[in-house]
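What follows is a short report on a single structure.
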Amino acid sequence: MSRGLFEPFVVAALILAGSSGLCLGEVSIDCDGGEEVRSVVVMHELLAGGENGPPWPVFRLHVPAAWVLNARGSEGANPDGWPSIGWDPIAGAPEVTWARHDGQDYEIMVSRWDVNQWTTPVALTANDVDDLDPDIAYAPDGTARLTFWSGTQVFMLTRAPGSDWGQPEAVDRGERPSVAGTQIERLAYQRSPAGGPSEIVTAEHAGQWVPVVLATTEFGGFDGDGSLDVRLEAQENMVWIVWEDSPTRLGWSELEAGGTWSTPAFEPVLDPSDEQAARLRIKLEVLGRRSRVP
Ligand SMILES: [Ca+2]
Ligand SMILES: [Ca+2]
């Protein structure tokens with residue numbers, strides 16, 4: 001199978017019986033007999049309540065060490081954050097970003113799969129404040145985009161094919177941003193001012209960043225940590241945004257012809273363990289609409 005024609009990612013949830021305190025996980029690649037990457041494997045422990053345990057330690061002990069990324073990332077008092085994985089359509093290889101604690105605060109790290117090994121992780125930030133929850137995606141032309149948040153500010157970095165990452169660009173006040181493989185520079189995030197409802201926001205770069213508020217909610221997220229897990233998604237020329245709207249439903253909106261966002265719709269969530277299935281139901285609904293366009 002040629003590169004770029006398949007979904008090169010596998011996300012495996014490893015459920016460990018009992019509560020031994022043992023946390024196993026892994027972020028690694030899976031190759032065929034040659035150097036072609038077949039998938040990126042993210043294994044982790046699914047904790048009680050549906051929360052994810054740390055993904056970094058090695059689970060597949062037979063895997064060559066060069067395939068495994070950051071195997072000690074879950075160690076210490078301030079373990080590394082959850083990874084986001086992008087797929088470079090030109091190199092045909094994955095790139096991973098995550099937040100790493102430097103002893104003072106968190107910085108944004110990146111590493112790419114280069115022929116037969118992960119590159120030495122590089123920090124894209126260097127400061128005295130927490131930089132968190134990076135998300136990476138590639139536009140169809142190979143432009144990489146990476147977004148993260150720090151304090152109450154959302155940032156975006158861009159790397160054109162063959163170039164280095166630019167400097168972090170402040171986008172808007174907000175938290176927990178998400179990026180997707182759209183050709184247009186765009187992201188989604190939440191704004192959660194103290195004492196007020198959260199806003200679900202998308203911003204597009206058209207000369208300057210233009211934020212659009214899609215919805216508001218008083219909900220604090222399924223994990224109760226304030227994260228509404230706002231996700232920007234893009235597939236088959238369809239673009240949509242999903243968020244945790246209440247204890248019983250996800251909200252979603254899709255980008256319509258003409259560039260406007262649809263009035264939010266809602267998908268029931270039976271319980272937190274149904275969330276990923278509910279996100280898949282929304283995806284099928286969005287892609288199904290596409291198939292009905294004459
Ligand atoms: Ca920092
Ligand atoms: Ca620092």
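Key figures for this structure:
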item: Top-ranked residue of segment 58-92 - restricted to ones that are of a type in the set (Asp, Glu) and in a loop (DSSP other than H, G, I, E, B), ranked as nearest to ligand 1 (Cβ to nearest atom); result: Asp80
item: Pro55 vs. criteria modelled with pLDDT under 85 and either in contact with a helix residue (DSSP H, G or I) (Cβ under 7 Å, 6 or more places away or on another chain) or more than 16 Å from ligand 1 (Cβ to nearest atom) (or both); result: yes
item: The lone exception for Glu185 - which of (1) surrounded by 13 or more Cβ atoms within 10 Å (Cβ to Cβ); (2) under 20 Å from Leu250 (Cα atoms) it fails; result: (2)
item: Failed condition for Ala160, given (1) surrounded by fewer than 20 Cβ atoms within 10 Å (Cβ to Cβ); (2) touching an Asp or Glu at 6+ places or on another chain (Cβ under 6 Å); (3) among the hydrophobic types (A, V, I, L, M, F, W, C); result: (2)
item: The listed residue being more than 17 Å from the chain's Cα centre (by Cα) and part of a strand (DSSP E or B), out of Leu214, Leu187; result: Leu214
item: Extreme residue, farthest from ligand 1 (Cβ to nearest atom), among residues of segment 93-150 that are part of a loop (DSSP other than H, G, I, E, B) and among the acidic types (Asp, Glu); result: Asp141
item: Extreme residue, farthest from ligand 1 (Cβ to nearest atom), among residues of segment 151-168 that are touching a Lys or Arg at 6+ places or on another chain (Cβ under 8 Å) and part of a loop (DSSP other than H, G, I, E, B); result: Gly166
item: Of residues in segment 127-154 being more than 15 Å from ligand 2 (Cβ to nearest atom) and more than 18 Å from Asp88 (Cβ to Cβ), the one modelled with the lowest pLDDT; result: Thr152
item: Residue selected from segment 115-126 under the condition among the hydrophobic types (A, V, I, L, M, F, W, C) and within 16 Å of ligand 2 (Cβ to nearest atom), by the criterion farthest from Thr158 (Cα to Cα); result: Ala126
item: Segment 126-138 residues that are at positive phi, paired with ones that are more than 16 Å from ligand 2 (Cβ to nearest atom) (beta carbon under 6 Å, 6 or more apart); result: Asp133/Arg176
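Yes/no matrix, rows are residues, columns are (1) more than 25 Å from Ser39 (Cβ to Cβ); (2) not assigned by TED's automatic domain parsing to the domain that holds Ala188:
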position: Arg60; (1), (2): no, yes
position: Ala65; (1), (2): no, yes
position: Gly76; (1), (2): yes, yes
position: Gly103; (1), (2): yes, yes
position: Val115; (1), (2): no, yes
position: Val122; (1), (2): no, yes
position: Ala139; (1), (2): no, no
position: Gly142; (1), (2): no, no
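Listed here are the residues, each with its yes/no results for (1) without any contact (Cβ under 8 Å) to a residue 40 or more places away in the chain; (2) more than 30 Å from Asn237 (Cβ to Cβ); (3) of a type outside the set (Ser, Thr, Tyr).
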| residue | (1), (2), (3) |
| --- | --- |
| Val63 | yes, yes, yes |
| Leu69 | no, yes, yes |
| Pro79 | yes, yes, yes |
| Ile85 | no, no, yes |
| Ala93 | no, no, yes |
| Thr97 | no, no, no |
| Met109 | yes, yes, yes |
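For (1) assigned to a helix (DSSP H, G or I); (2) out of contact with any Gly (no Cβ under 8 Å at 6 or more places or on another chain); (3) in contact (Cβ under 8 Å) with a residue 12 or more places away in the chain, each residue gets a yes or a no:
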residue	(1), (2), (3)
Glu233	no, yes, yes
Val239	no, yes, yes
Val242	no, no, yes
Glu254	no, yes, yes
Glu275	yes, no, yes
Leu280	yes, yes, no
Leu284	yes, yes, no
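The values are calculated or read from the model by the stated rules, or taken from the named source; none is laboratory data. For clarity, every value in this text was computed on a predicted model and none was experimentally measured. Every residue, glycine among them, receives a Cβ derived from its backbone with ideal geometry; neighbour counts consider all protein chains shown.
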